[in-house]
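K.L.:
Input: one structure, supplied below.
The values are calculated or read from the model by the stated rules, or taken from the named source; none is laboratory data. Values in this document were obtained by computation on a predicted structure and should not be read as measured data. Here the Cβ positions follow ideal geometry from the backbone for every residue, glycine too, while neighbour counts run over all protein chains shown.
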C-alpha cells in the first residue's frame, strides 16, 4: 500500500512538472522559409527584402516596397532590433504588444499613455528595464515619423534608410544593455542626421 | 498503513496546488504592474520629431551611466 502511494505521488509530481514546464515555455518566431513560399506578390517582394544581407539595404528595400514597420507580422519576421539578441523573446513580445494595443494608431498624449502603460514606465516606476523599453518605443515612434515623411516624399529613400538604420542600431544597444555614454554618442549622431533632412 | 498513504497523497496535492497558486499570483502581479495608470500630467504630447527626441533625452537619465 505504501509503495502504491509513493508511486501515485511520483506520477502526480511528474504530471504537475510537465504542466508547469509547458506553461512557462515560450517559442521564438523564426524567419520561416515555409511561410516565404506564399504566392502573394507583395509577400514575395517583402521576402526578397529579408534575403538581403546588409541591414540598411533591407530597410531601404522595405521603404521602396512601402512595407511599414507597424504592418509587419512579427510571427513571420523578427524585428530588426531583436535579431542580434541572444534571447530575443522579450524584445519580440514588446513589438507584438505595441501592435496588439495599436499604440501607433494613437496620436499625441494618447500615444504616450499607450507606450507607458505597455512598459509600466511612470513617475512611480522608473526602473532601468521600463526606461529602456520606453526608449525603444520612443525610437519606434520616431522611426514611424521618418517612414511617414518618406512616404510623403519629403525625405529620400536613401536618407530615410540611413536614419532608420541608426535608430535600429541604437535600439539594439539599448536592448543589449549598453551603458548610457555609448548610447548618447549615437543619439547625438541621430539628432544631427534628422535635423539635416528637416 | 492505509491512513499513512492518504496523508502522503494529501500533502503532495497541497504542495502542487500551492505551486500553481504561487505561479498564478506572480503572473497576475506582473500584469497589474503593466496596466497601472500614471497621472495625466506625465504624458508627452508627441507632435514633432523633437518631441520624441526630448522624451528620449529625458528618459536616458534613468539608464545606468
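K.L.:
Please tell me if residue A:74 is touching a residue at least 12 places away in the same chain (Cβ under 8 Å), assigned to a helix (DSSP H, G or I) and more than 18 Å from residue B:48 (Cβ to Cβ). Spell out how you get there, then give the answer.
P.N.:
Numbers: touching a residue at least 12 places away in the same chain (Cβ under 8 Å): yes; assigned to a helix (DSSP H, G or I): no; more than 18 Å from residue B:48 (Cβ to Cβ): yes.
For residue A:74, the condition - touching a residue at least 12 places away in the same chain (Cβ under 8 Å), assigned to a helix (DSSP H, G or I) and more than 18 Å from residue B:48 (Cβ to Cβ) - is not met.
K.L.:
Also, quick follow-up: Just the residues that are in contact with a helix residue (DSSP H, G or I) (Cβ under 7 Å, 6 or more places away or on another chain) and surrounded by fewer than 16 Cβ atoms within 10 Å (Cβ to Cβ), please, taken from the range A:114-127.
P.N.:
A:123, A:126
K.L.:
Could you list all residues from the range A:82-104 that are more than 22 Å from residue A:178 (Cβ to Cβ) and either more than 13 Å from chain B (Cβ to nearest Cβ) or not in a helix (DSSP H, G or I) (or both)?
P.N.:
If the condition is that a residue be more than 22 Å from residue A:178 (Cβ to Cβ) and either more than 13 Å from chain B (Cβ to nearest Cβ) or not in a helix (DSSP H, G or I) (or both), then A:96, A:99, A:101, A:102 are the ones that fit.
K.L.:
Let me ask you something else. Which one of these does residue A:148 not meet: (1) closer than 30 Å to residue A:64 by Cβ; (2) assigned to a helix (DSSP H, G or I); (3) in contact with a helix residue (DSSP H, G or I) (Cβ under 7 Å, 6 or more places away or on another chain)?
P.N.:
For residue A:148, the failing item is (3).
K.L.:
Name the single residue, out of those in the range A:167-198 being without any contact (Cβ under 8 Å) to a residue 24 or more places away in the chain and not in a helix (DSSP H, G or I), that is surrounded by the most Cβ atoms within 10 Å (Cβ to Cβ).
P.N.:
A:178
K.L.:
Exactly one condition in (1) over 21 Å from residue A:58 (Cα atoms); (2) surrounded by 22 or more Cβ atoms within 10 Å (Cβ to Cβ) is not met by residue A:164; state its number.
P.N.:
(1)
K.L.:
Here's another thing I want to ask about it. Kindly provide the set of residues from the range A:128-154 that are more than 8 Å from every other protein chain (Cβ to nearest Cβ) and loosely packed, with under 14 Cβ neighbours inside 10 Å, ordered by number.
P.N.:
Result: A:148, A:151, A:152, A:153, A:154.
K.L.:
Can you tell me which residue in the range B:12-62 is surrounded by the most Cβ atoms within 10 Å (Cβ to Cβ), limited to those that are in contact with a helix residue (DSSP H, G or I) (Cβ under 7 Å, 6 or more places away or on another chain), modelled with pLDDT of 90 or more and assigned to a loop (DSSP other than H, G, I, E, B)?
P.N.:
Here the residue is B:46.
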